[in-house]
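Data block below; observations after.
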Amino acid sequence: RMLKRQMPCCGDIHRLNAPLLAIYESLIPPEEERTKQKQILALLEKLVCKEWPKAQLFLYGSCANSFGVSKSDIDVCLAFNEEINDKAEVLLKLADILQSDNLQNVQALTRARVPIVKLMDPTTGISCDICINNVLAVINTKLLRDYAKIDARVRQLAFIVKHWAKSRGVNETYRGTLSSYAYVLMCIHFLQQRRPAILPCLQGMEKTYSITVDNIECAYFDKVEQLSNFGSPNKETVAQLVWGFFNYWAYGHDYANSVISVRTGSIISKQEKDWTRRVGNDRHLICIEDPFEISHDLGRVVDKFSIRVLREEFERAAHITQYDPNPCVKLFEPY
Ligand code: CTP
Ligand code: MG
């Protein structure tokens, strides 16, 4: 009997459910973090308002899309009602203003792909990146948050996937792996594809929210409180979904021909997007369409080396979730 208990319980994916949920619970930020975030935002608003009375500040990214784990940095967008040609100038001015208050490590990174000011608030210990006029990011943050409200399994799956990606070193765009934003879109797409579906395609429904930003119409059904039972016909547990997710990316996805698209709630062809060959640095080795900037492939950072790393990691994760006797340790083992 002892021996039997120590044997890996192959094929019984449910053994993973309670431990995965426990990991998810442990990653959820405590309510006091939200209070601290609001505190920083209020402080920044006070400082920015003196210089630019018409500008607005928005939170975006994981601190606002509900996929943020405990102790994340916060992302802030400083939005002007006009186009800013010289962002460097504004960022340097902003850094100046923030420096003179008692914020620490204020740094303007004017030459980054997305130019930002970085800072640390000593009262809360929270670090913060401020960018300018990145309103699309504010809108896609709302889209992700709205998807998360529909079914509890969205956040559960995405937290586990993000935690796995960070532990395994495959959440580093500067090294050719994927952003957190890309992983969350992969999860949403995956849940749209389940049968019965766990998530609908909000951009394919009646448009109850619509805004045009940078000449892009961003519109979708955002009355998601009406969809709170949408996923309930599907009884899959988070363990089954985690297993299914890794299996899909290890063995089910057609990397040569397919693009995943949350916008359409389906797979579309690379042909259709003209993403069949390398253009400049965009190799399209794994294709993830941005829901609003549809010419934007979030997989464009992946190169011929990192695609192998990624696919091996998906295979490793699929194998562990299915066969390993101690999957919750192995899955998140530092690389
Ligand atoms: N973003 C984007 N396009 C990208 C990458 C990011 O629009 N190619 C925006 C998204 O709004 C995203 C935000 O920038 O939510 C922050 O991106 P990222 O750091 O990838 O995600 P976080 O959700 O902040 O994740 P983490 O918990 O790792 O900080
Ligand atoms: Mg972030």
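The values are calculated or read from the model by the stated rules, or taken from the named source; none is laboratory data. Note that this is a predicted model, so its numbers are computed, not measured. We place every Cβ from the backbone using ideal geometry, glycine too, and count neighbours over all the protein chains shown. In case anyone asks, the SASA skips ligands and DNA or RNA and just uses the protein heavy atoms, side chains included. Shrake-Rupley method; radii C 1.70, N 1.55, O 1.52, S 1.80 Å.
Figures for the structure shown
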| quantity | calculated |
| --- | --- |
| Some residue of the range 103-124 being of a type in the set (Gly, Ala, Ser), open to solvent by less than 20 Å² (accessible area, probe 1.4 Å), more than 30 Å from Val154 (Cα to Cα) and more than 24 Å from the chain's Cα centre (by Cα) | no |
| Residue among Asp75, Asp96 that is outside any helix (DSSP H, G or I), touching a strand residue (DSSP E or B) at 6+ places or on another chain (Cβ under 9 Å) and either of a type in the set (Asp, Glu) or surrounded by 14 or more Cβ atoms within 10 Å (Cβ to Cβ) (or both) | Asp75 |
| Scope the range 196-252; condition in contact (Cβ under 8 Å) with a residue 12 or more places away in the chain and among the charged types (D, E, K, R); matching residues | Glu206, Lys207, Asp214, Asp222, Lys223, Glu225, Glu236 |
| Residue in the range 164-174 that is outside the structural domain of Glu82 (by TED's automatic domain parsing), within 12 Å of ligand 1 (Cβ to nearest atom), in contact with an Asp or Glu (Cβ under 9 Å, 6 or more places away or on another chain) and at pLDDT below 95 present | no |
| Selected residue (only one of Asp146, Asp129 is among the acidic types (Asp, Glu) and assigned to a helix (DSSP H, G or I)) | Asp146 |
| Tally, over the range 175-219, of residues that are more than 16 Å from ligand 1 (Cβ to nearest atom), surrounded by fewer than 19 Cβ atoms within 10 Å (Cβ to Cβ) and of a type in the set (Val, Ile, Thr) | 2 |
